[in-house]
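First comes the structure, then the notes that go with it.
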Amino acid sequence: MDQQSSHQEEPLPKYTSLSDNVYITVLDQLPDEVLLLILSYVPARDLDYCRCVSRLWKSLVDSPTIWRIKCQRLNRGDVLHVADMCQNTPWKRFYMAKLFSRNLVLNPCGSERFQYWDIINGGDGWAVERSRTELEDAESQTCFVTSFGWCEKQQIIDLVKEGLWEHFLDVHQPPICISDWYGGRHDCGCVYSLTVQLLAVNKITVIQEFAIRPDPIPQWNDEKYTQVSHEFRRYGPGVRYVKFMHKGKDSQFWSGRYGARITNSSVTIKYE
């Protein structure tokens, strides 16, 4: 037997990456509070995948603790405050909704034309134009413009779909704030009207309503926008929808779009 055949080379060591199962096993050996902290850095939208890993991970992701950690890290005092008031808070839905920092009216300035609005055209109908005067903090410097006949439009907001839940609406009744801005052309007077209704689950029963028709804007005006606002409070149980309706027209009956100019409509939820 020669020397070469009697000597066998030792195989090179194999370097392989740890499988996902090994990683999970290692993580599962950590104390729950450490694993919670690690999971709290996972983006909220991806935590559903973590729930599928094991019963332990599911229980941790579903616990209020992980959401409290995320809220404290991001200074989400609004979520923490409401959760302390309410039992059985749907943590993920409420956290993701960011209810207290956004306008629930979609396309409030017409930057997406008439998307999300149900419209009724009067005269020569609605149009979207560049605002003639700048409105600070508006989402877009565009506006909806009316004609010589009443031009109406509306939007219905589903409060539960937006992230609120029945118990919070019925028991704590957070203030619902509405706002709208209207103005006219300098050379033509106009009329404007706003109606906002809080509706029950059937979308028909009106639980509370705010309606206003300010004095007409005269011909030869400064074209500046005027704000109309209202805050619904103590509206009682059963509110599930907000129906936001406004309309306008010009007072000279001129062909074209010389009527009320409407923009930056908003519905927001406050917490106290």
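Quick look at the values:
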item	result
Every residue from the stretch 64-86 that is open to solvent by 30 Å² or more (accessible area, probe 1.4 Å), closer than 19 Å to ARG45 by Cβ and among the charged types (D, E, K, R)	ARG68, ARG73, ARG76
Condition broken by ASP28, with the remaining ones in (1) open to solvent by less than 80 Å² (accessible area, probe 1.4 Å); (2) at pLDDT 90 or above satisfied	(2)
Residue match in the stretch 46-60 (condition: part of a helix (DSSP H, G or I), touching a helix residue (DSSP H, G or I) at 6+ places or on another chain (Cβ under 6 Å) and either in contact (Cβ under 8 Å) with a residue 40 or more places away in the chain or of a type in the set (S, T, N, Q) (or both))	yes
Hits in the stretch 207-242 - residues which are of a type in the set (Phe, Trp, Tyr) and closer than 24 Å to LEU169 by Cα	PHE210, PHE232, TYR235, TYR241
The stretch 142-168 residues that are at pLDDT below 95, paired with ones that are among the charged types (D, E, K, R) (beta carbon under 6 Å, 6 or more apart)	GLY163/ARG93
Residue count, the stretch 112-139 (criterion: in a loop (DSSP other than H, G, I, E, B) and either on the phi > 0 side of the Ramachandran plot or surrounded by 14 or more Cβ atoms within 10 Å (Cβ to Cβ) (or both))	17
Single unsatisfied condition, THR195 versus (1) open to solvent by 20 Å² or more (accessible area, probe 1.4 Å); (2) more than 24 Å from the chain's Cα centre (by Cα); (3) at pLDDT 95 or above	(2)
Residue pairs meeting the criteria (Cβ under 8 Å; at least 6 apart or on separate chains; first over 20 Å from ILE178 (Cβ atoms), in the stretch 214-240; second basic (Lys, Arg) and open to solvent by 60 Å² or more (accessible area, probe 1.4 Å))	GLU223/ARG132
Number of positions in the stretch 212-258 that are charged (D, E, K, R), loosely packed, with under 15 Cβ neighbours inside 10 Å and within 25 Å of the chain's Cα centre (by Cα)	3
All positions within the stretch 70-86 that are in a helix (DSSP H, G or I) and not β-branched (Val, Ile, Thr)	LYS70, CYS71, GLN72, ARG73, GLY77, ASP78, LEU80, HIS81, ALA83, ASP84, MET85
Residues being within 14 Å of the chain's Cα centre (by Cα) and open to solvent by 20 Å² or more (accessible area, probe 1.4 Å) - total across the stretch 96-111	7
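Rundown of residues vs (1) in contact with a strand residue (DSSP E or B) (Cβ under 8 Å, 6 or more places away or on another chain); (2) among the hydroxyl-bearing types (Ser, Thr, Tyr), yes/no style:
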position	(1), (2)
LEU198	yes, no
THR205	yes, yes
TRP220	no, no
THR226	yes, yes
PHE244	yes, no
TRP254	no, no
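The values are calculated or read from the model by the stated rules, or taken from the named source; none is laboratory data. Quick caveat, the model's predicted, so the values are computed rather than measured. For neighbour counting, all protein chains shown are included, and Cβ atoms are generated from backbone atoms with ideal geometry for every residue, glycine included. Heavy atoms of the whole protein, side chains included, go into the accessibility calculation; ligands, DNA and RNA do not. Shrake-Rupley method; radii C 1.70, N 1.55, O 1.52, S 1.80 Å.
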